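One structure is given here, and the rest of the page talks about it.
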């Protein structure tokens with residue numbers, strides 16, 4: 001697997017995990033904010049409850065037992081109020097609405113100022129009063145400051161609600177951004193996989209030595225060309241090429257020299273691709289060319305032309321030649337049938353081939369001009385424009 005694709009997949013996994021983490025963070029933050037908002041709302045209720053209970057505890061018209069019960073209520077409510085206020089200010093534990101302990105984070109910004117103002121107002125009363133005189137003084141204090149404390153707790157609740165909305169909005173924006181990045185990265189992965197698939201398909205259809213189509217790739221192109229030729233009723237021909245004396249190159253100069261010869265043949269054939277022709281190596285020293293649009297009456301001259309440009313290919317110190325067979329595709333013929341017809345002609349020509357003395361001459365100069373002694377491609381018979 002190529003490094004960019006592997007990196008993209010790793011990035012996608014990380015982004016996906018990041019998105020999950022953001023979702024979990026949002027859920028946790030919403031839960032914590034809901035607890036804080038509920039407790040801020042409870043502080044409003046407690047401030048009213050403390051004031052009412054303090055008034056009842058100091059009411060002379062009530063019985064002693066009733067005043068004691070109200071005094072106990074003042075103490076319980078006030079301690080809970082102070083404990084929650086301290087948790088808001090410094091962060092810490094308090095009692096939740098269900099009676100179980102909950103952890104609060106310290107507030108900041110405007111919320112911290114509101115909490116600080118209320119704590120400052122209550123510095124005089126670090127604990128709930130128990131004596132009757134203290135209760136009367138505390139009751140009077142609560143009545144005088146009840147509106148201020150209630151307003152501060154109302155504003156604290158609103159501030160916490162606004163902060164919660166802002167936090168969730170930021171987290172959701174980050175989550176959306178991460179999702180978009182994940183989507184873009186996923187598309188990149190798909191494109192990368194598609195490119196890798198196309199490269200793999202191309203590699204499976206390409207001859208690794210010469211870079212031409214291999215047998216499978218050539219047959220696939222020939223089937224496509226035949227289908228197009230049949231549907232458009234256009235002529236189509238196939239040239240089959242076998243290099244003469246190639247075995248002698250391998251035997252006398254080794255496979256490296258043989259490979260160099262095959263690559264030179266491929267290079268000369270690739271020059272024909274500008275005519276819309278498709279070249280391939282079927283195996284060994286056998287090559288083939290698909291010639292769309294080439295009329296039957298021009299096949300012989302084109303075959304002679306191909307034989308000309310491929311004769312003179314150096315093979316070590318030998319200079320080898322080519323036998324070229326051809327076949328015009330007929331309606332409804334298959335690729336195998338066309339190739340078989342061209343193959344039969346090629347082997348007939350090869351059987352009649354007699355190696356002349358010039359073909360056996362030793363050559364020291366191996367970089368022969370491509371079209372030495374042959375027509376230029378623009379003068380080639382049957383050239384398709």
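The values are calculated or read from the model by the stated rules, or taken from the named source; none is laboratory data. Note that the structure is a prediction, hence the values are computed from the model and not measured. Using ideal geometry, Cβ is built from the backbone for each residue, glycine included, and neighbour counts are taken over all protein chains shown.
Of all residues in region 75-114, those being under 48 Å from the mean Cα position of the chain (by Cα) and over 23 Å from residue 166 (Cβ atoms) number 8.
For residue 344, the requirement of being in a helix (DSSP H, G or I), surrounded by fewer than 19 Cβ atoms within 10 Å (Cβ to Cβ), more than 48 Å from the chain's Cα centre (by Cα) and at pLDDT 85 or above is met. Is there a residue being farther than 21 Å from residue 160 by Cβ and in a helix (DSSP H, G or I) anywhere in region 58-65? Looking through region 58-65, at least one residue is farther than 21 Å from residue 160 by Cβ and in a helix (DSSP H, G or I). Of all residues in region 124-153, those being farther than 21 Å from residue 42 by Cα and in a helix (DSSP H, G or I) number 7.
The residue that is farthest from residue 38 (Cα to Cα), counting only those in region 76-112 that are in contact (Cβ under 8 Å) with a residue 24 or more places away in the chain and part of a loop (DSSP other than H, G, I, E, B), is 109. In this structure, residue 299 does not qualify as in contact with a helix residue (DSSP H, G or I) (Cβ under 8 Å, 6 or more places away or on another chain) and surrounded by 19 or more Cβ atoms within 10 Å (Cβ to Cβ).
Only residues that are closer than 21 Å to residue 244 by Cβ and in a helix (DSSP H, G or I) were counted across region 272-285, and they come to 1. Confirm whether residue 273 is at pLDDT below 90, on the phi < 0 side of the Ramachandran plot and surrounded by fewer than 21 Cβ atoms within 10 Å (Cβ to Cβ). Spelling it out, residue 273 is indeed at pLDDT below 90, on the phi < 0 side of the Ramachandran plot and surrounded by fewer than 21 Cβ atoms within 10 Å (Cβ to Cβ). Being within 25 Å of residue 347 (Cα to Cα) and surrounded by fewer than 17 Cβ atoms within 10 Å (Cβ to Cβ): is that true of residue 283 here? Spelling it out, residue 283 is indeed within 25 Å of residue 347 (Cα to Cα) and surrounded by fewer than 17 Cβ atoms within 10 Å (Cβ to Cβ).
Scanning region 191-206 turns up one or more residues that are part of a strand (DSSP E or B), at pLDDT 85 or above and crowded, with 16+ Cβ neighbours inside 10 Å. Within region 91-107, the set of residues being surrounded by 12 or more Cβ atoms within 10 Å (Cβ to Cβ) and farther than 19 Å from residue 30 by Cβ comprises 92, 93, 94, 95.
Filtering 34, 69, 40 for residues that are surrounded by fewer than 17 Cβ atoms within 10 Å (Cβ to Cβ), touching a helix residue (DSSP H, G or I) at 6+ places or on another chain (Cβ under 9 Å) and under 19 Å from residue 155 (Cα atoms) leaves a single hit, 34.
Answer yes or no: is there a residue in region 156-175 that is closer than 21 Å to residue 38 by Cβ, assigned by TED's automatic domain parsing to the domain that holds residue 81, touching a strand residue (DSSP E or B) at 6+ places or on another chain (Cβ under 7 Å) and surrounded by fewer than 16 Cβ atoms within 10 Å (Cβ to Cβ). Checked region 156-175: no residue is closer than 21 Å to residue 38 by Cβ, assigned by TED's automatic domain parsing to the domain that holds residue 81, touching a strand residue (DSSP E or B) at 6+ places or on another chain (Cβ under 7 Å) and surrounded by fewer than 16 Cβ atoms within 10 Å (Cβ to Cβ).
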